[in-house]
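The values are calculated or read from the model by the stated rules, or taken from the named source; none is laboratory data. Keep in mind that this is a model prediction, so the values were computed, not measured. Methodologically, a virtual Cβ is constructed for each residue, glycine included, from the backbone with ideal geometry; neighbour enumeration extends over all protein chains shown. Please note that ligands, DNA and RNA were not included when accessible areas were found on the heavy atoms of the full protein model with its side chains. Shrake-Rupley method; radii C 1.70, N 1.55, O 1.52, S 1.80 Å.
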Amino acid sequence: MRIEKSTSLLPEVKRGRKVQITVDGKPIEAFEGETVAAAMMASGFRVFRTTAKDKMPRGMYCGMGICFECLVTINGVKNVRACLTPVTDGMTVVTQEEVAA
Amino acid sequence: MKEVRYELAVVGGGPAGMEAAITAAEAGVSTVLIDRYPQPGGQYYKELPAEFSARHRTKVEAEGDMLIRLLGGVEITRYFGTLVWGIFPKEGEKGWLIALTGNESPRLITADSVILATGAYDLPMPFPGWTLPGVISAGAALILVKTQRILPGKRVLVTGSGPLLLSVAAHLIEGGAEVVEICEASRPFWKAIPYIPFILGQTNRIEEGFKYLSTILRAKAPYRIGWSVVEARGNGKVEEAVIARLDNRLNPVPSSRRTVKVDTIISGYGLVPNNYLSRMMGCKHSYVGEKGGIIPERDETMQTSLPSVYVVGDAGGIGGAELARLEGRVAGVAVASRLGRLGHSTAQWEYGKLRSLLRRQQRFAEMLGKVFVRGSDLFNLSTDETTICRCEEITRREIRAAIEMGARSVTEVKMLTRTGMGNCQGRMCEHSVRNAVMAFTGQSYLDIDKGGAYSIRPPLEPMTVEELAKAAQELNFSE
């Protein structure tokens, strides 16, 4: 969920323009300036992909483009790091079911 | 191809990279600054996205704003939202070809000198269940809370070692999460005693620490010293965590295990220098546990074994933002002086000013390295069933089997099991595979030049085959 209150460590911010993206066909609210990973977390999405070999769920781990655990398909492009990609209005995000090569 | 040439390329726009770029550019060096994020600041200042605005700024944010304003006042070419996937020596002449991928950058630029300020990332700590969604790094938690104002969960366990745990816990509490437990794996705080007079001089840090502690105390979040997470459980995502006390050899005590209901586990067991570029370029590296593991060898001007290549900040060894800023300035002076933009005596005078400041910060880093446990000491949090290589889904048992078959080094385990061959290129498992090899073969040290570390090859970032083909043409790759 999004933090709305203002505290000394986290002074209130005004987010960017409200946009809509879809994740696995479900429309979710997001704000410009947010990353895809953050918008997904804010809407309760935890599972970003399912692994090829053991079919195990994975979610965001490092949050800074190092671990490649948050790979999703964005506007038809596979294997995009959700944590480094900013949302844009109308973006289509699909969580990945990976298959062994 | 039209050549885009600079005297200096700085990779990484955090505290170290910004200082290096400002210092060099102010002396008249033509400088380009490259960073993967759309805005400067890096993981320490954690700037808000340009689309967000805030009326009030915290102290750290204000400090970052000031540095960014300074950066704006100097002539520096900026490629932000841009990734460096390789740096190659220019054939037959001095200088480096820097290969970029990003929306608005050229594909290749040339620079005579390179300063790498690529920072660090959280040490990936394997324990049973750590691949479940809901286990996230301390860095990820801070990015979500500070730059995105989003909570990673409602009921949170914060586990790891070091002062960063306090910062994470305090931010989560103020953001509205319930911090159920804070587990600090290190117990021997007496190791900090010799440093007390020194710590008392660090008023900024004391003030920051007290602020975090008072938030944690008010929320009555338990801070357990000598404890750690030992297991994450749940159906498809984290639903509970098992924590346990660690004995003096840092092994979990089975009788102390207790289960807590949480939806998020935040793992912060220290930082690893992000050194893939300097390793790929062929700078000499060595293993220094207290500084986060594999680090480049540097002289007092931050120069690596390659004369035109410098590494500054956490990428050169974990030392924090203050040290990073100073190292950035030192390297900026060094490059300007190399190019003749600063006279020898001016450069010496600048170094002299920085030296005592550097020593203070180095001492602070040394203390943190001694007091808090290193991730490599906690290899026993994993079991044979634990996934070590997350990308290729290789368990500790498979690594053990490779060692029983005769593997004696990190690279041999890689060849036999595929560890480190997935998308992250080994950034997540290298240190664990190293620990496994040492633990299962009884070696106390692995020489990183003799298979004790992965070999790093381009491209360091994912790119399309088309992009790679175009770049290869321009680079004249023969193979």
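Below is a table of values for the structure above.
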quantity	calculated
Loop-resident sites, segment A:29-67, for trypsin sites (Lys or Arg not before Pro), counting at most 15 other Cβ within 10 Å (DSSP)	A:LYS53, A:LYS55
Dimensionless Rg over Rh [chain A; C-alpha; Kirkwood]	1.01
Cα gyration tensor of chain B - equivalent ellipsoid semi-axes, whole Å, descending	36, 28, 22
Cβ-derived FRET efficiency at R0 30 Å, A:THR50 paired with A:LYS26, nearest 0.05	0.95
For residues of B:135-147, the mean tally of beta carbons on other chains within 10 Å	6
Loop-resident sites, segment A:1-91, for chymotrypsin sites (Phe, Trp or Tyr not before Pro), counting at most 10 other Cβ within 10 Å (DSSP)	none
Global geometry of segment B:183-252, whether rounded, prolate or oblate, following the gyration tensor of its Cα atoms and the 1.5 cut on a/c	oblate
Cross-link reach list, aspartates and glutamates versus B:LYS191, counting only Cα pairs under 16 Å and skipping chain neighbours closer than eight places	B:GLU290, B:GLU366
Segment A:27-101-segment B:433-479 distance, computed between alpha-carbon centres (Å)	26
Hits among aspartates and glutamates - C-alpha to C-alpha of B:LYS59 under 15 Å, sequence gap 8 or more where chains match	A:GLU12, B:GLU47, B:GLU207, B:GLU208, B:GLU322
Percent of beta bridges antiparallel (DSSP, chain B, rounded to nearest 5)	50
Between segment B:209-272 and segment B:1-46, the Cα center-to-center distance that results, in Å	38
Exceeding the 31 Å Cα-Cα cut-off - candidates B:LYS284/B:LYS414; B:LYS211/B:LYS291; B:LYS237/B:LYS291; B:LYS211/B:LYS370; A:LYS14/B:LYS353	B:LYS237/B:LYS291; A:LYS14/B:LYS353
Isolated Cys in chain B, by beta carbon distance under 4.7 Å	B:CYS183, B:CYS283, B:CYS391, B:CYS424
Listed residues B:SER409, B:SER30 arranged by accessible area, highest first, probe 1.4 Å	B:SER30, B:SER409
Sequence-distant lysines (8 or more away, or on other chains) whose Cα lies within less than 26 Å of A:LYS18	A:LYS5, A:LYS26, A:LYS78, B:LYS46, B:LYS146, B:LYS154
Accessible area in the full protein assembly, largest first, 1.4 Å probe, for A:THR88, B:THR118	A:THR88, B:THR118
Rounded accessible area of A:THR22 (nearest 10 Å², 1.4 Å probe)	40
Degrees separating the helix B:203-218 axis from the principal Cα axis of chain B, which is the longest one	30
Neighbourhood charge, 14 Å Cβ-Cβ cut-off, centred on A:VAL87 and excluding it, Lys, Arg +1 and Asp, Glu -1	0
Area of B:SER53 that stays accessible when all protein chains are in place (1.4 Å probe, Å², to 10)	60
Crossing angle, helix B:465-475 versus chain B [Cα axis fit, 0-90 degrees, rounded to tens]	40
Calculated FRET value between B:THR383 and A:THR73, using beta carbons and R₀ = 30 Å, to 0.05	0.35
